Each structure stands twice: as C-alpha cells, then as structure tokens.
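Undergrad: I have a structure I would like to understand better, so I am pasting it below and will then ask my questions one at a time.
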Amino acid sequence: MSEIVLKAEVRTLIGSHANKVRFAGKIPGVFYAHGEENISVTVSPLGLKPLIYTSDTHLVNLQLDNGISKTCILRDVQFDPLTDKPIHFDLQGVKEDEELTIEVPVVLVGSPKGVKDGGTLQHVIHKLKVMCLPKFIPENIKIDVSELAINDSVHVRDLPLPNVTVLENASSTVVAVVPPTVVKEAEGAVAGAVVEGAATSAEPEVIIKGKKPADEAKA
C-alpha cells in the first residue's frame, strides 16, 4: 500500500475560525487517534487532492508544521453542496500493531463477454468494508470481469483477500451480468397485439346484431 505525504499547519483557533480558513483558500480538518488528543489542522486544496480524487486507498504521512509526524488514513471528507468543493476532512491515526476497519474501493477490469452478447453489467458493491493491520490494507480490490457471461456473477466469497477479514455478507453480489430486458418488452407487445386483434375480430358480430330484413317484413 502506497503512502502519501500531507503537509499541514496546526490550527489553534477552532469553531467559527474554520470559515476564515476556507475564505483564505485552505481546508480545515482534524486528526484523531485512540488515546490521543485531537489536533485541528489546515491544509491546501492541492495537498488534499491526491487523497480525495482517487480510486485507491492510501496511508497518509501527516507532517505538521511543528515537526510532529502522524501515520493515518483519510476517514471522511465533507463537500459543499453547491460548489462540490471539500470544506472539511477527518484523519484517523493508525498504529502498526492495531487492526482497523476501512472501506476499500472495488475496481472492475476488462470488458465482459456477456455485455457483448447483449447483457448489462451491474456493479453492486463499490466499496468493501474490511478489517486488517495497516500494512495489509489493499489499495483497491481488482476484479477481472472479462469472462463473465450473461447470468454470471461474482460474490464476496469469491474474492481472494489474504491477511484481511471481510466484514460483508459472503453471499452478497459484488458484480453481475444480467440478461437484457428488451425481450420481455417485445413479448408484451406481441401479447398486446393479439388482444387487440381479438377485439377487432369480435367487432363485426356486434354490428350485425338486431332485426333481420325478413323479420321486419313479418312485423
């Protein structure tokens, strides 16, 4: 698992001061760890970018401006609902001998042959929750879907993940190729045409009901 260096400034003023930090073009955040005091920090958007816009999981080497370094992971990021820019982030400290729970991205590789035959690829689980030591955290979980035919699927139990405990239902579907639905719609259209045809053929019988010319003469 790769490591990303994140340089940050220790922030002594908290609360409403965070808005001033954002106004200055920086992003406020907090580092926390079990048995340690929280540290409020400030980083540049450029420094945080490699951690946010990626499909991989990384360990973070947090280097504070007071000379202290912390090993951590990016636990959460909050975005502005209007601009979609990051406005706050959380870093969780990790220790080499302590397991942690983390979500690892699932990356699909290849083009399924079932899709070429008209099927549809359904990516059900995009992140897999696992528990392991920091050194065993996978950057991502790659699944080769090239050989998946229509009605084929990959479940959690099918994923080889050494030194990792998967905290998901083993029978949960991660990715599948499902049959096309257009066939059923076509069958429905044919059935509708048959019903409509039956109604049309029955229509002349209604028209010829009533008295016949001979009956009118007798009357």
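The values are calculated or read from the model by the stated rules, or taken from the named source; none is laboratory data. Just so you know, these numbers come straight off a predicted model, no measurement behind them. As a convention, Cβ positions derive from the backbone with ideal geometry for all residues, glycine included, and neighbour counts pool all protein chains shown.
Undergrad: For the range 134-158, which residues satisfy the criterion of being part of a loop (DSSP other than H, G, I, E, B), surrounded by 13 or more Cβ atoms within 10 Å (Cβ to Cβ) and either of a type in the set (S, T, N, Q) or modelled with pLDDT under 95 (or both)? Break it down stepwise before answering.
TA: The first filter runs over the range 134-158 and keeps only residues part of a loop (DSSP other than H, G, I, E, B), leaving 137-140, 145-152.
Cutting the leftovers down to surrounded by 13 or more Cβ atoms within 10 Å (Cβ to Cβ) gives us 137-140, 145, 148-150, 152.
Listed by number, the residues that qualify are Ile137, Pro138, Glu139, Asn140.
Undergrad: Give me a count of the residues in the range 38-65 that are out of contact with any strand residue (DSSP E or B) (no Cβ under 8 Å at 6 or more places or on another chain) and either among the small types (Gly, Ala, Ser) or within 21 Å of Ile14 (Cα to Cα) (or both).
TA: Narrowing the range 38-65 to residues out of contact with any strand residue (DSSP E or B) (no Cβ under 8 Å at 6 or more places or on another chain): 46, 49, 53-54.
Going one step further and asking which of them are either among the small types (Gly, Ala, Ser) or within 21 Å of Ile14 (Cα to Cα) (or both), we end up with none.
The total comes to 0.
Undergrad: It is to be established whether one or more residues within the range 162-170 are more than 30 Å from Ser16 (Cα to Cα) and assigned to a strand (DSSP E or B). Full working, then the answer.
TA: Of all residues in the range 162-170, those more than 30 Å from Ser16 (Cα to Cα) come to 162-170.
Subsequent filtering for residues that are assigned to a strand (DSSP E or B) retains 165-166.
Yes.
Undergrad: Surrounded by fewer than 18 Cβ atoms within 10 Å (Cβ to Cβ), on the phi > 0 side of the Ramachandran plot and without any contact (Cβ under 8 Å) to a residue 60 or more places away in the chain, is that true of Gly47? Walk me through how you get there before you give the answer.
TA: Numbers: surrounded by fewer than 18 Cβ atoms within 10 Å (Cβ to Cβ): yes; on the phi > 0 side of the Ramachandran plot: no; without any contact (Cβ under 8 Å) to a residue 60 or more places away in the chain: yes.
Criteria not met by Gly47.
Undergrad: Here is a list: Pro105, Pro28, Pro45. Which entry is of a type outside the set (S, T, N, Q) and under 30 Å from His123 (Cα atoms)? Walk me through how you get there before you give the answer.
TA: Numbers: Pro28 fails: under 30 Å from His123 (Cα atoms); Pro45 fails: under 30 Å from His123 (Cα atoms).
Result: Pro105 is the single residue among Pro105, Pro28, Pro45 that is of a type outside the set (S, T, N, Q) and under 30 Å from His123 (Cα atoms).
Undergrad: Looking at (1) within 21 Å of the chain's Cα centre (by Cα); (2) at pLDDT 95 or above, can you tell me which one Asp84 breaks?
TA: Evaluating Asp84 over (1) within 21 Å of the chain's Cα centre (by Cα); (2) at pLDDT 95 or above leaves (2) as the failure.
Undergrad: So, of the residues in the range 100-126 that are part of a loop (DSSP other than H, G, I, E, B) and without any contact (Cβ under 8 Å) to a residue 60 or more places away in the chain, which turns out to be farthest from Arg11 (Cα to Cα)?
TA: Let us first name the residues in the range 100-126 that are part of a loop (DSSP other than H, G, I, E, B), namely 110-112, 117-119, 124-126.
Of the ones still in play, those that are also without any contact (Cβ under 8 Å) to a residue 60 or more places away in the chain are 110-111, 117, 124-126.
Working: Gly110: 45, Ser111: 48, Asp117: 57, Val124: 40, Ile125: 37, His126: 34 Å.
Out of the qualifying residues, it is Asp117.
Undergrad: A further question follows. Within the range 76-97, is there a residue that is more than 22 Å from Leu161 (Cα to Cα) and basic (Lys, Arg)?
TA: First, pick out the residues of the range 76-97 that are more than 22 Å from Leu161 (Cα to Cα): 76-93.
This time we only want the ones that are basic (Lys, Arg), so: 85.
Checking the range 76-97: at least one residue is more than 22 Å from Leu161 (Cα to Cα) and basic (Lys, Arg).
Undergrad: In the range 3-17, how many are of a type in the set (Gly, Ala, Ser) and either closer than 11 Å to Leu62 by Cα or crowded, with 19+ Cβ neighbours inside 10 Å (or both)?
TA: The initial filter retains those residues of the range 3-17 that are of a type in the set (Gly, Ala, Ser), namely 8, 15-16.
Among the residues that remain, those that are also either closer than 11 Å to Leu62 by Cα or crowded, with 19+ Cβ neighbours inside 10 Å (or both) are: 8.
The total comes to 1.
Undergrad: Kindly evaluate Leu62 against the criterion of being closer than 18 Å to Ser2 by Cβ and of a type in the set (A, V, I, L, M). Walk me through it before giving the result.
TA: Working: closer than 18 Å to Ser2 by Cβ: yes; of a type in the set (A, V, I, L, M): yes.
Judged against the criteria, Leu62 is a match.
Undergrad: Within the range 70-98, can you find the residues that are buried (at least 16 other Cβ atoms within 10 Å of the Cβ) and outside any strand (DSSP E or B)?
TA: Val94
Conditions tested, residue by residue: (1) under 23 Å from Glu96 (Cα atoms); (2) surrounded by fewer than 16 Cβ atoms within 10 Å (Cβ to Cβ).
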| residue | (1), (2) |
| --- | --- |
| Lys20 | no, yes |
| Phe23 | no, yes |
| His34 | yes, yes |
| Asn38 | yes, yes |
| Ser55 | no, yes |
| Val60 | yes, no |
| Ile68 | yes, yes |
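Undergrad: Looking at the structure I just gave you, is Asp84 outside the structural domain of Pro162 (by TED's automatic domain parsing) and under 26 Å from Glu168 (Cβ atoms)? Steps first, please.
TA: Working: outside the structural domain of Pro162 (by TED's automatic domain parsing): yes; under 26 Å from Glu168 (Cβ atoms): no.
So Asp84 does not fit the description; no.
Undergrad: List the number of the failed condition for Val109; all other conditions in (1) within 30 Å of Ala149 (Cα to Cα); (2) surrounded by 14 or more Cβ atoms within 10 Å (Cβ to Cβ); (3) at pLDDT 95 or above hold.
TA: Tallying (1) within 30 Å of Ala149 (Cα to Cα); (2) surrounded by 14 or more Cβ atoms within 10 Å (Cβ to Cβ); (3) at pLDDT 95 or above, Val109 fails exactly one: (2).
Undergrad: Give just the number: which of (1) under 13 Å from Lys7 (Cβ atoms); (2) among the β-branched types (Val, Ile, Thr); (3) over 28 Å from the mean Cα position of the chain (by Cα) does Val43 not satisfy?
TA: So Val43 meets the others, but not (3).
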